[in-house]
Structures are given as structure tokens and as C-alpha cells.
Amino acid sequence: MSITEDEARKVAHLARIAVKDEALPALARELSGILNFMEQLNEVDVEGVEPMTGVTPMRLKRREDVVTSGGFADKIMSNAPDAREGFFAVPKVVE
Amino acid sequence: MSDLNKLTIAEARDALAAGKTTAVELTEACLGAIEASSALNAFVHGTADKARDMAKAADARIKAGEATAMTGIPVGIKDVFCVKGVPSQAASKILDGFVPEYESTVTQNLWNAGAVMLGKLNQDEFAMGSTNEASCYGPAVNPWQGADGQKLTPGGSSGGSAAAVAADLCLGATGTDTGGSIRQPAAFTGTVGLRPTYGRVSRWGVIAYASSLDQAGPMTKTVRDAAIMLGAMASVDPQDSTSADLPVPDYESLLTGDIRGKKIGIPREYRIDGMPDDIAALWDKGADMLRDAGAEIVDISLPHTKYALPAYYVIAPAEASSNLARYDGVRYGRRAKLGQGDGIVEMYEKTRAEGFGPEVQRRIMIGTYVLSAGFYDAYYNRARKVRALIKRDFDNAYADGIDAVLAPTTPSAAFPLGAMDQTDPVQMYLQDVFTVTLNLAGLPGVSVPVGQDKQGLPLGLQLIGRPFEEGELLNQAMVLEQAAGFVAKPDRWW
């Protein structure tokens with residue numbers, strides 16, 4: 001499996017990571033190398049095997065559907081790069 | 001007492017209980033050692049004032065007769081653990097300036113037990129790496145040197161933790177192990193590293209890499225210390241839905257030194273092509289030691305071993321791409337400088353491009369690719385099926401009466417910094433060949449220093465145990481440790 005520069009550009013955009021055009025050939029090469037390594041998995045007979053979701057055979061824990069925490073918006077905002085009047089501030093979203 | 005920082009946790013506990021030293025003295029010894037260790041680049045955020053306050057409180061607690069085994073013990077914390085009021089950024093630029101408003105369960109458990117926090121330790125960014133070179137702080141350096149004073153990697157991702165323990169900067173340290181990140185650095189530095197069973201230690205407040213594989217554990221000078229420290233770190237935690245509802249035993253009391261009749265499996269698939277003679281000989285020697293102690297050595301087969309690495313490098317990046325989506329420059333950490341007219345997508349893309357290092361970017365993109373429409377079944381689901389087969393291999397071995405599996409921890413001793421070709425990531429991934437299997441199966445494993453290679457560098461063997469039987473595993477590890485009698489320490493050059 002080989003990844004083209006176009007595919008590399010697409011995957012970078014899906015991952016929301018800016019990649020300069022001149023860096024795309026190297027990126028495509030690296031990703032192709034890793035995917036080639038993964039091709040080994042095709043040798044395994046996985047017929048009838050369920051994909052594993054968790055390693056411990058336990059039911060996910062449940063709890064009462066009640067509020068257990070909260071009321072500290074200021075603490076949550078304290079690490080924001082840009083917060084104003086109790087909101088996270090971001091550049092314009094809608095044109 | 002002199003050289004208090006060189007004590008083991010068990011020795012320090014006994015000295016504190018006997019009134020031969022104080023937590024304040026122990027802490028000052030460690031802080032002094034840390035101050036003189038900048039060449040190792042192990043500690044990256046010091047918390048000396050906090051350490052002194054905690055040490056005073058520990059001494060009061062000891063005086064009041066309310067000490068636990070960890071009370072007054074100075075420890076280092078891997079940067080990946082959130083500690084309230086202390087910079088916690090998983091060695092990533094994207095979390096520059098992040099100071100948590102909350103405490104991870106593991107560190108809270110340690111403070112509740114009376115442990116003393118010395119500072120945050122270096123690591124690979126987001127725990128992705130095997131050399132500690134992928135760090136925004138620069139590489140941590142192994143206290144063990146190569147020929148002609150060559151600087152070596154302490155391994156990764158918990159490289160700072162391993163270097164700090166090996167250089168006696170702290171009595172113990174926390175690490176995390178997603179694909180070998182506790183055991184490989186332990187093997188490279190002549191220290192003990194325990195990765196507990198998935199679910200034994202809470203993941204709450206530990207910055208996530210791959211949530212179905214991540215597990216925190218202790219890195220210490222001895223197996224006994226690992227037992228003591230695991231007891232303080234482990235808990236049943238409602239904040240982590242995968243935390244196991246099992247009481248935490250007194251692990252130290254399970255160290256009987258008796259392993260007669262235990263069946264130790266030697267998996268033939270681990271004898272890979274090109275295994276260095278030193279490693280193969282060490283493995284045989286380790287098996288002999290356990291046999292001499294009364295264990296039965298059994299050849300076993302774990303047929304899907306070969307596929308663990310490729311399965312891991314699908315599953316871990318897939319989970320990482322999802323976990324690391326949260327770093328978007330909005331809620332915490334850094335945001336890139338934006339140009340005129342840049343919108344929110346440019347903000348995301350620029351922030352993530354400058355905040356994440358190359359290896360993290362690579363894994364996020366691989367993960368994005370294997371989860372994308374059209375490839376999900378071919379890569380991600382296939383890898384999860386192979387993962388089920390890898391776990392089944394271990395289940396079968398244990399069902400056949402095997403008590404633990406013995407294997408090398410790493411395919412080599414520590415190698416020079418810069419030796420890994422950064423343009424061929426697969427080369428570095430091969431470092432994890434012996435360690436990732438148990439992460440995929442969720443099993444506990446411990447690396448014990450057993451010998452030295454021709455250059456005099458430490459080599460480790462790992463024991464892989466049954467789920468939630470860390471006590472028995474540590475008992476076997478202690479027998480191996482005692483038989484090996486590894487006492488070598490690095491010559492101080494830093």
C-alpha cells in the first residue's frame with residue numbers, strides 16, 4: 001500500500017495538521033513505510049474472530065444519572081489561551 | 001546517615017520508622033542530587049518548595065504514628081501525570097503553560113500515603129517514543145555511558161523516570177506503559193519497572209495516549225520497592241470506568257521468595273532472528289536461575305507474537321488520533337499566532353502543526369488514516385481481531401497451567417542518542433518487539449535487571465504474569481533479582 005501526495009494532504013487535513021506542500025512527499029513516504037509494515041496483518045487468518053474492544057471481561061460500570069461535579073467554570077477557563085466573559089474565544093467561525 | 005538518596009524505599013521506610021533519619025533529610029539529599037544532575041535532563045519541572053512542605057508534614061505524621069510505607073519517601077512524577085498547580089504537559093509544546101486545576105488519582109493516592117513530590121520527569125512527547133528524544137525539553141540522558149563516554153538513551157517513553165531512579169535522584173518514580181514505556185527504560189538503566197494489569201491503576205488525570213493500552217506503574221531500584229509503591233498507586237476509582245473492582249492486596253507481604261512448583265513458560269516465538277548473543281545468553285541464564293529456585297521451565301508457543309507490533313501500531317495511533325483531537329488551541333495549552341483572515345480551521349491546523357512534534361504528528365495521521373472511511377475494516381478492525389488472537393495465545397498458555405512467561409525486555413542494550421534514523425520510524429518501533437504483546441493482552445509485566453552486556457551496560461529480563469496477580473509476579477521477579485544479584489551502578493560523570 002502506497003500513499004500518494006494527494007492522500008497525504010487529505011489525511012493531514014482530516015487530522016487538522018497544517019503540512020506545507022514541500023513536506024508532502026516525505027510525509028507520503030513515511031506513511032507508506034508504516035502502512036507497508038502493517039500489511040503483515042493480512043497474513044493472519046481472522047475468520048470468525050470478534051474484534052477486541054476491551055481486555056478485561058467486565059461490564060462497563062454504570063452509575064446514577066445525576067450531576068456529580070461542576071460549578072467551577074473559572075477553573076476550566078483558567079488554562080484557555082483566550083477566554084472572555086466566561087467564554088472560550090475563537091476566530092470567526094461563520095463567514 | 002550519608003547518601004540518603006541512594007537508599008531503597010524499603011530501607012528509607014525502616015530508617016524513618018527507627019528514627020535514624022527524617023523525611024526532611026531524605027528530601028534534602030534528593031534535592032541536592034537533582035540540583036547536580038542537569039546533564040541528565042531527567043527532572044524538567046522542580047517542585048522543591050512543595051517537597052520541603054510535604055516532607056515536614058510526613059515527619060509530623062511519622063511522629064504521630066500514622067505512617068504508611070510511602071510516608072516521607074521522595075518520588076519523581078512523569079510529566080504525563082496531572083498534578084494540581086504544577087506544570088503538566090506530557091513533554092509537548094502544545095501544552096505549554098498548562099497548569100492543571102486537578103490531581104490525577106495516582107498522584108493523589110501517593111500524596112495520601114505521605115509520599116513527597118520532588119518534581120516532574122522527562123519523557124517522550126505524549127509517551128510516544130522509545131528513546132526520550134521526542135521531548136519538548138530535549139532528551140533525557142542515561143546515567144550509564146557507552147564506550148568513550150558516549151551519551152546513551154535511557155529509553156522511552158519514561159526515560160526521565162528511569163534515569164532519575166538509576167542516578168539516585170529519587171527513591172522511586174511513576175511511569176506509564178502503553179507499549180513498553182516502563183519496562184524498556186528500566187532495562188536500559190538497570191532498574192525495576194512494573195506495568196500492572198490494565199485496570200489495576202486508575203488512568204484518571206493521566207494525559208491519554210491510547211486508552212485501551214495505557215497503564216501507570218512504579219519504577220524503582222528493587223522489586224520490593226515496586227511492590228510497596230504499587231500498593232500506594234493502585235486503587236478502585238469511580239473516576240475511571242475501566243478501573244477494576246478488586247481490592248488492592250498488601251503486595252509486599254506476598255514476597256515470600258518461594259516459587260517452587262511454579263511453571264515458567266519460555267515462548268519460542270520470542271527467539272527472533274538476529275537476537276544478540278548477550279540477550280540470548282541472558283535469557284537462558286534467567287531460566288536457569290528460576291529452575292534452580294524450584295520452578296519448572298516449560299517451552300511454550302505464543303503463535304501470534306509476530307503480529308503484535310503491526311497490530312499495536314494500528315490500534316495505538318488510532319486511539320491517539322482520537323484522544324489528541326482535544327488539543328485544538330481553544331481550551332488549554334498554546335494557540336498558534338494567526339494570520340489576517342485566518343478562521344477556526346486554520347487555527348486548529350496551525351496550532352497542531354507547531355504544537356505537536358514529528359512523531360506525534362505521524363501517529364495522529366496514521367491513526368486518522370486507519371480510521372478513515374474505506375480503511376476502517378482493512379486496518380483497524382483487522383488489528384483488533386489480531387489483538388483478540390494475541391490475548392487468546394496468553395489465555396491458552398495460562399489455561400495450560402503456566403504461571404508466568406519469561407522473555408527478554410529489549411532486543412538490545414541502551415544505544416547512543418541520535419542512533420535511531422528519524423526518517424525510518426519503523427526502525428524505532430522494533431524496539432517494542434518484546435514488550436507490546438502484554439499491553440495488547442492487558443497483562444502485568446515486570447522488567448528486572450539481570451546482567452550486563454560486553455560493554456558493561458545493563459540488560460533486563462521481563463516476567464509476564466496472570467491478570468491481577470501482581471503479587472505472585474513480583475514474588476517471581478524478586479527470586480530472579482536475588483539470583484541475578486545485579487548490584488552494578490553507573491559511574492558518576494554528570
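The values are calculated or read from the model by the stated rules, or taken from the named source; none is laboratory data. Remember, predicted model here, so these are calculated numbers, not experimental data. Neighbour counts run over all protein chains shown; Cβ positions are idealised from the backbone, glycine included.
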Of the residues that sit in the range A:1-37 and are in contact (Cβ under 8 Å) with a residue 12 or more places away in the chain and facing chain B (nearest Cβ under 7 Å), which one is nearest to B:Lys385 (Cα to Cα)? A:Leu31
For the range B:295-333, which residues satisfy the criterion of being more than 10 Å from chain A (Cβ to nearest Cβ), under 20 Å from B:Phe98 (Cβ atoms) and buried (at least 23 other Cβ atoms within 10 Å of the Cβ)? B:Ala320
Looking for something basic (Lys, Arg) and in a loop (DSSP other than H, G, I, E, B) - is there at least one such residue anywhere in the range A:20-31? yes
I'm told B:Met233 meets every condition in (1) touching a Ser or Thr at 6+ places or on another chain (Cβ under 6 Å); (2) surrounded by 24 or more Cβ atoms within 10 Å (Cβ to Cβ) except one. Can you identify the failing condition by its number? (1)
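So that you can scan it fast, the table gives a plain yes or no per residue for (1) crowded, with 18+ Cβ neighbours inside 10 Å; (2) assigned to a loop (DSSP other than H, G, I, E, B):
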{"position": "B:Leu438", "(1), (2)": "yes, no"}
{"position": "B:Leu443", "(1), (2)": "yes, yes"}
{"position": "B:Val450", "(1), (2)": "yes, no"}
{"position": "B:Leu459", "(1), (2)": "yes, no"}
{"position": "B:Gln462", "(1), (2)": "yes, no"}
{"position": "B:Arg466", "(1), (2)": "yes, yes"}
{"position": "B:Met478", "(1), (2)": "yes, no"}
{"position": "B:Arg492", "(1), (2)": "no, yes"}
Tally time: how many residues in the range B:141-195 are surrounded by fewer than 24 Cβ atoms within 10 Å (Cβ to Cβ) and either under 19 Å from B:Val83 (Cβ atoms) or in contact with a helix residue (DSSP H, G or I) (Cβ under 6 Å, 6 or more places away or on another chain) (or both)? 1
Any residue at all in the range B:412-419 that is touching a Gly at 6+ places or on another chain (Cβ under 7 Å), more than 23 Å from A:Gly54 (Cα to Cα), modelled with pLDDT of 95 or more and assigned to a loop (DSSP other than H, G, I, E, B)? yes
Looking at the range B:68-89, which of the residues that are within 14 Å of chain A (Cβ to nearest Cβ) and touching a residue at least 60 places away in the same chain (Cβ under 8 Å) is farthest from B:Lys56 (Cα to Cα)? B:Gln89
Go through (1) within 24 Å of B:Val223 (Cβ to Cβ); (2) at pLDDT 95 or above; (3) out of contact with any strand residue (DSSP E or B) (no Cβ under 6 Å at 6 or more places or on another chain) one by one and return the number of the condition B:Met1 breaks. (2)
Out of the residues in the range B:334-367 meeting the condition of being among the small types (Gly, Ala, Ser) and facing chain A (nearest Cβ under 7 Å), tell me which one is farthest from B:Phe126 (Cα to Cα). B:Gly343
Could you list, ordered by first residue, the pairs with Cβ atoms under 8 Å in which the first is in the range B:203-231 and more than 14 Å from every other protein chain (Cβ to nearest Cβ) and in contact (Cβ under 8 Å) with a residue 40 or more places away in the chain and the second is surrounded by fewer than 24 Cβ atoms within 10 Å (Cβ to Cβ) and polar (S, T, N, Q), at least 6 apart or interchain? B:Ala208/B:Asn323; B:Tyr209/B:Asn323; B:Thr220/B:Thr8; B:Lys221/B:Thr8; B:Thr222/B:Thr8; B:Arg224/B:Thr8; B:Asp225/B:Thr8
Among the residues of the range B:18-77, count how many are within 29 Å of B:Asn132 (Cα to Cα), touching a helix residue (DSSP H, G or I) at 6+ places or on another chain (Cβ under 8 Å), of a type in the set (A, V, I, L, M) and not in a helix (DSSP H, G or I). 6
Consider B:Glu252 against the criteria (1) surrounded by fewer than 24 Cβ atoms within 10 Å (Cβ to Cβ); (2) modelled with pLDDT of 95 or more; (3) not in a helix (DSSP H, G or I): it satisfies all of them except one. Which criterion is unmet? (3)
For the range B:176-232, name all the residues that are among the hydrophobic types (A, V, I, L, M, F, W, C) and in a helix (DSSP H, G or I). B:Ala186, B:Ala187, B:Phe188, B:Val223, B:Ala226, B:Ala227, B:Ile228, B:Met229, B:Leu230, B:Ala232
For residues that are in contact with a helix residue (DSSP H, G or I) (Cβ under 8 Å, 6 or more places away or on another chain), of a type outside the set (A, V, I, L, M) and either surrounded by 11 or more Cβ atoms within 10 Å (Cβ to Cβ) or over 28 Å from B:Ile364 (Cβ atoms) (or both), tally how many sit in the range A:43-75. 1
Has the range B:43-55 got at least one residue that is out of contact with any Ser or Thr (no Cβ under 6 Å at 6 or more places or on another chain), surrounded by 24 or more Cβ atoms within 10 Å (Cβ to Cβ) and under 30 Å from A:Lys75 (Cα atoms)? yes
All but one of (1) out of contact with any Ser or Thr (no Cβ under 9 Å at 6 or more places or on another chain); (2) part of a helix (DSSP H, G or I); (3) modelled with pLDDT of 95 or more; (4) more than 7 Å from chain B (Cβ to nearest Cβ) hold for A:Asp45, so report the exception by its number. (2)
When the range B:29-54 is examined, which residues are found to be touching a residue at least 12 places away in the same chain (Cβ under 8 Å) and more than 25 Å from the chain's Cα centre (by Cα)? B:Arg52
Residue count, the range B:255-280, condition more than 25 Å from the chain's Cα centre (by Cα), surrounded by 13 or more Cβ atoms within 10 Å (Cβ to Cβ) and not in a loop (DSSP other than H, G, I, E, B), comes to 1
Within the group B:Val141, B:Val106, B:Val116, which residue is β-branched (Val, Ile, Thr), within 18 Å of the chain's Cα centre (by Cα) and within 23 Å of B:Val223 (Cβ to Cβ)? B:Val106
Would you confirm, using the coordinates I've provided, whether B:Ile390 is within 7 Å of chain A (Cβ to nearest Cβ), in a helix (DSSP H, G or I) and β-branched (Val, Ile, Thr)? no
Scan B:Arg382, B:Arg392, B:Arg387 and give me the residue that is within 30 Å of B:Leu474 (Cβ to Cβ), out of contact with any His (no Cβ under 7 Å at 6 or more places or on another chain) and crowded, with 21+ Cβ neighbours inside 10 Å. B:Arg387
